[in-house]
Amino acid sequence: MKNSNPFLSIVVPCYNEEDVIDIFLNKIFSVLAYIDEDFEIVFVNDGSRDSTLSVLKEKSKEYGNVRVINLSRNFGKEAALTAGLDASKGEVVVPIDVDLQDPPELILDFIKKYKEGYDVVVGKRVDRTTDSTAKRISAEFFYKIHNKISDIEIPHNVGDYRLMSRRVVNELKKLPESQRFMKGLFAWLGFKTAVVEYKRDARIAGDSSFNGWKLWNFALDGITSFSTAPLRVWLYIGLGLAFISFVYGSWIILKTLLFGADTPGYASMITVVLFLGGIQLMGIGILGEYIGRIYVESKNRPIYIVEDEY
Ligand code: UDP
Ligand code: MG
């Protein structure tokens with residue numbers, strides 16, 4: 001390998017992917033045979049519990065341009081991706097999943113667009129039939145809500161699979177937050193962006209590690225990272241309820257003055273008390289969510305820890 005930096009860095013987070021790495025590498029090598037530029041492949045082992053690390057170590061011995069960043073434990077995909085981007089040296093960087101759901105052939109199109117002068121080239125999934133219906137519907141719902149209430153717009157069906165120029169990656173590295181919602185961060189950066197459409201395939205082997213609960217939390221992370229609307233909405237709920245209370249209160253006073261006091265009213269009273277209690281708890285819950293995030297950020301812990309590099 002030359003000692004100058006490569007043209008292209010491929011960044012691949014891996015969590016329990018022992019079955020897939022070999023197929024992935026063969027595929028990548030056969031695709032990248034079409035370009036004249038030199039490249040490196042940066043694998044990030046995100047605390048896998050299977051033999052992923054030893055497979056990766058083998059590969060780095062076999063190929064001079066395969067690097068392995070081994071994290072000290074499982075930090076999650078967003079952190080693993082960050083670790084890989086930080087370690088990458090290429091003039092352009094492409095993060096990709098190891099499961100070949102995103103077709104590597106697209107990298108050739110990405111590079112073409114880059115050479116036309118784009119700093120960012122994103123892959124847009126036009127066909128998600130390989131994802132479950134529930135995942136598709138919830139994804140659609142998420143993009144809608146998120147884009148409605150956030151300052152930045154995340155393009156629909158665009159994942160982490162993309163090309164970024166060195167200067168974009170350098171800007172990305174400057175974002176200090178430890179709770180990293182990569183899709184949002186990517187969109188926040190801006191730059192001249194081209195879109196390449198593709199069809200997302202099914203996983204070649206292994207299982208997705210994102211189940212319903214994890215995705216739900218992921219969506220909450222996305223929204224709370226880029227929007228304060230859930231906090232602000234309480235001002236309006238409060239105003240609305242205060243107004244209704246005022247009108248209702250006036251009515252009760254008027255009624256008492258005109259017709260005298262009557263005792264019944266337990267049902268309406270308990271309903272109002274319970275309703276307000278519920279509303280208040282929800283408000284406090286959302287406050288708590290944001291305070292929790294402030295708490296985590298304020299500890300300023302590193303996003304990931306590298307144990308070794310091969
Ligand atoms: N991944 C990771 N750390 C994790 C979970 C996943 O590095 O804690 C990697 C995984 O190895 C794969 C990519 O992130 O390369 C996407 O994961 P997966 O295919 O499970 O997600 P999906 O495609 O279902 O969104
Ligand atoms: Mg996948």
Quiz item: Is there any pair linking a residue in the stretch 191-208 that is open to solvent by 70 Å² or more (accessible area, probe 1.4 Å) to one that is more than 16 Å from ligand 1 (Cβ to nearest atom) and part of a loop (DSSP other than H, G, I, E, B), with Cβ under 6 Å and at least six apart or on different chains, and which?
Solution: PHE191/ASP119; LYS192/TYR118; LYS192/ASP119
Exercise. Give the residue that is nearest to ligand 1 (Cβ to nearest atom), with candidates limited to residues of the stretch 38-52 that are out of contact with any Pro (no Cβ under 9 Å at 6 or more places or on another chain) and open to solvent by less than 10 Å² (accessible area, probe 1.4 Å).
Key: THR52
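Every residue, every condition in (1) under 30 Å from GLU177 (Cα atoms); (2) in a helix (DSSP H, G or I); (3) of a type in the set (D, E, K, R), yes or no:
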{"position": "LYS255", "(1), (2), (3)": "no, yes, yes"}
{"position": "ASP262", "(1), (2), (3)": "no, no, yes"}
{"position": "VAL272", "(1), (2), (3)": "no, yes, no"}
{"position": "PHE275", "(1), (2), (3)": "no, yes, no"}
{"position": "ILE286", "(1), (2), (3)": "yes, yes, no"}
{"position": "GLU289", "(1), (2), (3)": "yes, yes, yes"}
{"position": "ARG293", "(1), (2), (3)": "yes, yes, yes"}
{"position": "VAL296", "(1), (2), (3)": "yes, yes, no"}
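Working only within the stretch 201-236, note down all residues that are within 16 Å of ligand 2 (Cβ to nearest atom) and assigned to a loop (DSSP other than H, G, I, E, B). So that I can check it myself, show each step before the final result.
At the first step, the residues of the stretch 201-236 found to be within 16 Å of ligand 2 (Cβ to nearest atom) are 201-212, 214-215, 218.
The answer is ASP201, ALA202, ARG203, ILE204, ALA205, GLY206, ASP207, SER208, SER209, PHE210, ASN211.
Being aliphatic (A, V, I, L, M) and touching a Ser or Thr at 6+ places or on another chain (Cβ under 7 Å) narrows it down to one residue among VAL11, VAL20, VAL31; which is it?
Numbers: VAL20 fails: touching a Ser or Thr at 6+ places or on another chain (Cβ under 7 Å); VAL31 fails: touching a Ser or Thr at 6+ places or on another chain (Cβ under 7 Å).
The conditions single out VAL11.
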Quiz item: How about the stretch 283-301: which of its residues are more than 18 Å from the chain's Cα centre (by Cα) and either touching a residue at least 12 places away in the same chain (Cβ under 8 Å) or open to solvent by less than 90 Å² (accessible area, probe 1.4 Å) (or both)?
Solution: GLY283, GLY285, ILE286, LEU287, GLY288, GLY292, SER298, LYS299, ASN300, ARG301
Quiz item: Which condition number in (1) more than 30 Å from LEU71 (Cα to Cα); (2) surrounded by 10 or more Cβ atoms within 10 Å (Cβ to Cβ); (3) not aliphatic (A, V, I, L, M) is the one that GLU307 fails?
Solution: (1)
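For the structure I just gave you, tell me whether LEU81 is within 16 Å of ligand 2 (Cβ to nearest atom), buried (at least 17 other Cβ atoms within 10 Å of the Cβ) and part of a helix (DSSP H, G or I).
On the way: within 16 Å of ligand 2 (Cβ to nearest atom): yes; buried (at least 17 other Cβ atoms within 10 Å of the Cβ): yes; part of a helix (DSSP H, G or I): yes.
So LEU81 fits the description; yes.
Take the stretch 50-85 and flag every residue that is of a type in the set (A, V, I, L, M) and either in contact (Cβ under 8 Å) with a residue 24 or more places away in the chain or out of contact with any strand residue (DSSP E or B) (no Cβ under 6 Å at 6 or more places or on another chain) (or both).
Initially, the stretch 50-85 is screened for residues of a type in the set (A, V, I, L, M), giving 53, 55-56, 66, 68-69, 71, 79-81, 83, 85.
Result: VAL55, LEU56, VAL66, VAL68, ILE69, LEU71, ALA79, ALA80, LEU81, ALA83, LEU85.
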Practice problem: Considering every residue within the stretch 108-128, establish whether at least one is surrounded by fewer than 18 Cβ atoms within 10 Å (Cβ to Cβ), away from ligand 2 (no atom under 16 Å from the Cβ), in a helix (DSSP H, G or I) and within 17 Å of the chain's Cα centre (by Cα). | Solution: no
Exercise. Determine whether the stretch 22-37 contains at least one residue that is within 19 Å of ASP160 (Cβ to Cβ), within 14 Å of ligand 1 (Cβ to nearest atom) and under 20 Å from the mean Cα position of the chain (by Cα).
Key: no
Quiz item: Give me the pairs: first residue in the stretch 162-182 and aromatic (Phe, Trp, Tyr), second residue surrounded by 14 or more Cβ atoms within 10 Å (Cβ to Cβ), beta-carbon distance under 7 Å, and six or more apart or on different chains, which are they?
Solution: PHE181/GLU78; PHE181/ASP221; PHE181/GLY222; PHE181/SER225
Quiz item: Does VAL92 fit the bill of being in contact with a Ser or Thr (Cβ under 8 Å, 6 or more places away or on another chain), touching a residue at least 60 places away in the same chain (Cβ under 8 Å), away from ligand 2 (no atom under 16 Å from the Cβ) and within 16 Å of GLU18 (Cα to Cα)?
Solution: no
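The values are calculated or read from the model by the stated rules, or taken from the named source; none is laboratory data. Just so you know, these numbers come straight off a predicted model, no measurement behind them. Don't worry about glycine lacking a Cβ; one is built from the backbone with ideal geometry, like all the others, and counts go over all protein chains shown. All accessible areas refer to the heavy atoms of the entire protein, side chains included, with ligands and DNA or RNA removed. Shrake-Rupley method; radii C 1.70, N 1.55, O 1.52, S 1.80 Å.
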